[in-house]
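Student: Have a look at this one before I ask anything.
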Amino acid sequence: MPKSKIGKRTKISPLAIASVLLAFGVLVFGLILSNRQIETTDSGAAGRPLKVLEIRYLSAPTDATLVNNLSSQFRAQIVEASKFQGYKNPTSAPQITAVNILRTVTRTGQMPVPSNPGNWEDMYNKILAQDNLCSYIVSSRIDHVWLWIDTDTAKQPNPGVEYTLSGRLFPIDRAGENQATVTKVPLCGGNRSFVFMGLDYQRTVAEAMHSLGHAFEGMVSYMQGAELFWGRYVGNQKYGTNYRERCGNVHFPPNGAIDYDYSNSANATSFCEDWKAESNGVTQTFNCSKWNCDHLAYMKWWLQNMPSETSGHTYKGLRIPSWWSFMVDTDTTYASYVSQGFYMGNPAQDLTNGLFSWVTTNVKNDSGTQVFRHYSLGSNKALVVAVSYKIPSASTTPKINTVTYGGLAMTRIRRDQGGQFVTELWYRLNPAASGDVSITYSSNEIIGKAAHALSMRSVLQTTPLGSTTGAGASGTSDTGANTNLTIATPVLPHTRPNPYPVPSGSLVTRCRCVIGVGVATSFIDGLNTTIKVVPDSRIGSKDITTVQSSELISTLSFFESEFTTAMSWNLNRDWPWAASAMTFNRAITN
């Protein structure tokens, strides 16, 4: 999937200095899942309040009046902007019924000094460490943290960023997409997902709503996927669409020619107000008079066009959830939507079963070593690194010399090849909590590399491995015919009580004692190549993440099973492909 950079849409940040954004806008991918179960809640159809913690760093005591006024305006604008198409339906109910400031922490002077200039994550951690704010964020179920400062660098030399997404649900640098500003390691230990907003109290509510718009771009592109949001809602030439006929983005209205072009009188013909995910709606021809040629009014119009839960939008046969509701109680809202079968493009939906603690994906489109940061949490751990790459010719000689994690060697499980496309699986037991994955290649000619690192918990340490298998085929031509990639994985389950007791006192007579992990890869042909996992009728194989480099597309999948199953992928083009799969025995505890 082509990358979508928020930084490219933020030439002039309302909060951060441009040089800081350019230097630190590209982040390392990471996804954290807590050990506790995700509780479910209503999905927000009727609207819910947004819970906010405000942190204020005042340059002068009299600045409190500025913040009070701006915060009040900001809260009111958020409620109005959450009314689906409220610009033409005044009775539309707000999806955010109120914005409640549950606590305000006021400090004076400069914010904490980060360990390195521009390291806003370190600075934010230090801010939250004071007054034990993380404990408050978790216990009070805070949705947003609003940091109000004066961004004059003489007063705050390290202003930070307009927003960051923090939590278990936000991949970082997923396939180089850089869809949003995301913390490398979630704040507050990842115990709650929330939005951390950086706001300049010397500016107006229009700039505050502008920053919130960027937070929406990041949030929705992760929850719904970049192709749906950037390609189909916003409009982006990388996806074969045009923002002029769709809804545009925070910087570019549908009729915009340059950044911040909110007063452009030129006409655009757009179906934004009749937007549909998979077809063109009824078009209108309009110019900036649609939003009174005003920055704040444009932000409200743009946000009011986002789908609500009752707006009837669908994608791939599934209902599209309310995009506003992602801002409220993000973890539980997300889990509720997944359980109800709404469309969710975030791969974290397949990692909520407690078996996985972290997944990192890295793409490299040139020769040389791949190095990226990864994490592993929990107990009885195992780490799998699944690599896909394209070789310059159909040589069968292995091209990966070593794979290490934290400087320690990993073990190659298998290598499979179809034509010029190769998949390899490597693993290590009991990996360190954090470290760099490093993949060295023997050939400098190799380009188009995709690597998936997956940390598992609850793996039997004494006899961890079950079976492995793989396959590959050269393909024939671009016929468009479907090609099924099926890899059988016979399982050798470890001994366990049957039935075995669980804490509730009930009896479980069967258990999913095996974790299967597999990777499939094929040639990438623009947006026309897809690899989809085909669910097993009994246990449901799932796609964890799909990424693409300049040369290939790569899909990482998993399943849980009791005895025997198969990993199946469906390739919609008759191209060369390779696939590898392996199984781990799961540690069963009462």
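The values are calculated or read from the model by the stated rules, or taken from the named source; none is laboratory data. Since we're looking at a predicted model, the values are computed, not measured. Cβ placement follows ideal geometry from the backbone for every residue including glycine, while neighbour counts extend to all protein chains displayed.
Student: Quick one: which residue in Gly281, Gly312 is among the small types (Gly, Ala, Ser), part of a loop (DSSP other than H, G, I, E, B) and not assigned by TED's automatic domain parsing to the domain that holds Tyr243? Spell out the reasoning first.
Tutor: Details: Gly281 fails: not assigned by TED's automatic domain parsing to the domain that holds Tyr243.
Criteria check complete, one pass: Gly312.
Student: Let me ask something additional. State whether the residues of the range 225-235 include one that is more than 22 Å from Ala277 (Cβ to Cβ) and among the small types (Gly, Ala, Ser).
Tutor: Checked against the condition, which is being more than 22 Å from Ala277 (Cβ to Cβ) and among the small types (Gly, Ala, Ser), the range 225-235 yields no hits at all.
Student: Taking the stated definitions as given, is Pro347 within 25 Å of Asn249 (Cα to Cα), modelled with pLDDT under 85 and crowded, with 21+ Cβ neighbours inside 10 Å? Outline the logic, then answer.
Tutor: Working: within 25 Å of Asn249 (Cα to Cα): yes; modelled with pLDDT under 85: yes; crowded, with 21+ Cβ neighbours inside 10 Å: yes.
Against the criterion (within 25 Å of Asn249 (Cα to Cα), modelled with pLDDT under 85 and crowded, with 21+ Cβ neighbours inside 10 Å), Pro347 qualifies.
Student: May I ask you to say which residue of Ser322, Ser367 is surrounded by fewer than 23 Cβ atoms within 10 Å (Cβ to Cβ) and either out of contact with any Phe, Trp or Tyr (no Cβ under 6 Å at 6 or more places or on another chain) or within 30 Å of Ile439 (Cα to Cα) (or both)?
Tutor: None of the others qualify; the one that does is Ser367.
Yes/no matrix, rows are residues, columns are (1) in contact with a helix residue (DSSP H, G or I) (Cβ under 6 Å, 6 or more places away or on another chain); (2) in contact (Cβ under 8 Å) with a residue 12 or more places away in the chain; (3) of a type in the set (A, V, I, L, M):
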residue: Asn249; (1), (2), (3): yes, yes, no
residue: Phe271; (1), (2), (3): no, yes, no
residue: Ala277; (1), (2), (3): yes, yes, yes
residue: Val282; (1), (2), (3): yes, no, yes
residue: Asn305; (1), (2), (3): yes, yes, no
residue: Thr310; (1), (2), (3): no, yes, no
residue: Arg319; (1), (2), (3): no, yes, no
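Student: Among the numbered conditions (1) at pLDDT 95 or above; (2) on the phi > 0 side of the Ramachandran plot, tell me where Gly118 comes up short.
Tutor: With (1) at pLDDT 95 or above; (2) on the phi > 0 side of the Ramachandran plot applied to Gly118, the lone miss is (1).
Student: Among the residues of the range 197-204, is any within 30 Å of His374 (Cα to Cα), modelled with pLDDT of 95 or more, of a type outside the set (Lys, Arg) and buried (at least 20 other Cβ atoms within 10 Å of the Cβ)?
Tutor: Residues of the range 197-204 within 30 Å of His374 (Cα to Cα): 197-198.
Filter again for modelled with pLDDT of 95 or more, leaving 197-198.
Checking which are of a type outside the set (Lys, Arg) leaves us with 197-198.
Next cut, buried (at least 20 other Cβ atoms within 10 Å of the Cβ) only: 197-198.
Within the range 197-204, one or more residues are within 30 Å of His374 (Cα to Cα), modelled with pLDDT of 95 or more, of a type outside the set (Lys, Arg) and buried (at least 20 other Cβ atoms within 10 Å of the Cβ).
Student: Out of everything in the range 234-266 that is outside any helix (DSSP H, G or I) and farther than 18 Å from Ala297 by Cβ, what residue ends up being modelled with the lowest pLDDT?
Tutor: Gly240
Student: Can you go through Gly213, Gly240, Gly235 and tell me which one is at positive phi and in contact with a helix residue (DSSP H, G or I) (Cβ under 7 Å, 6 or more places away or on another chain)?
Tutor: Unique residue meeting the criteria: Gly235.
Student: Right, something else. I'm trying to understand the selection: among the residues of the range 137-169, which are more than 15 Å from Ala215 (Cβ to Cβ), of a type in the set (A, V, I, L, M, F, W, C) and free of Cβ contacts under 8 Å to residues at least 60 places away in the same chain?
Tutor: Val138, Ala154
Student: Condition (residue is more than 16 Å from Gly218 (Cβ to Cβ) and out of contact with any Phe, Trp or Tyr (no Cβ under 7 Å at 6 or more places or on another chain)) applied to the range 160-182: is it met by at least one residue?
Tutor: No, the range 160-182 contains no residue that is more than 16 Å from Gly218 (Cβ to Cβ) and out of contact with any Phe, Trp or Tyr (no Cβ under 7 Å at 6 or more places or on another chain).
Student: Same structure, new question: Can you find even one residue in the range 50-59 that is at negative phi, buried (at least 19 other Cβ atoms within 10 Å of the Cβ), assigned to a helix (DSSP H, G or I) and at pLDDT 95 or above?
Tutor: The answer is no, given that none of the residues of the range 50-59 is at negative phi, buried (at least 19 other Cβ atoms within 10 Å of the Cβ), assigned to a helix (DSSP H, G or I) and at pLDDT 95 or above.
Student: Ok, one more. From the list Val371, Val385, Val403, exactly one residue is over 16 Å from Glu551 (Cα atoms), modelled with pLDDT under 95 and among the aliphatic types (A, V, I, L, M). Which is it?
Tutor: On the way: Val385 fails: modelled with pLDDT under 95; Val403 fails: modelled with pLDDT under 95.
Being over 16 Å from Glu551 (Cα atoms), modelled with pLDDT under 95 and among the aliphatic types (A, V, I, L, M) holds for just one of Val371, Val385, Val403, which is Val371.
Student: How about the range 282-336: which of its residues are within 24 Å of the chain's Cα centre (by Cα), of a type in the set (Ser, Thr, Tyr) and within 21 Å of Ala215 (Cα to Cα)?
Tutor: Within the range 282-336, Ser308, Ser322, Ser325, Thr330, Thr332, Thr333, Tyr334 meet the criteria.
Student: A follow-up question, please. Could you please find all residues in the range 181-234 being β-branched (Val, Ile, Thr) and over 18 Å from the mean Cα position of the chain (by Cα)?
Tutor: Matches in the range 181-234: Thr204, Val205.
Student: Among the residues of the range 113-122, are any more than 18 Å from Ile142 (Cα to Cα), touching a strand residue (DSSP E or B) at 6+ places or on another chain (Cβ under 6 Å) and not basic (Lys, Arg)?
Tutor: No.
Student: Could you name every one of the strands (runs of 3 or more DSSP E) located completely within the range 523-590 that has at least 3 residues being at pLDDT 85 or above and either surrounded by 17 or more Cβ atoms within 10 Å (Cβ to Cβ) or in contact with a helix residue (DSSP H, G or I) (Cβ under 7 Å, 6 or more places away or on another chain) (or both)?
Tutor: Of the strands (runs of 3 or more DSSP E) lying wholly inside the range 523-590, those with at least 3 residues that are at pLDDT 85 or above and either surrounded by 17 or more Cβ atoms within 10 Å (Cβ to Cβ) or in contact with a helix residue (DSSP H, G or I) (Cβ under 7 Å, 6 or more places away or on another chain) (or both) span 552-561, 577-585.
Student: Continuing with this model, one more query. Which condition breaks for Ser115 when tested against (1) in a helix (DSSP H, G or I); (2) hydroxyl-bearing (Ser, Thr, Tyr); (3) surrounded by fewer than 13 Cβ atoms within 10 Å (Cβ to Cβ)?
Tutor: (1)
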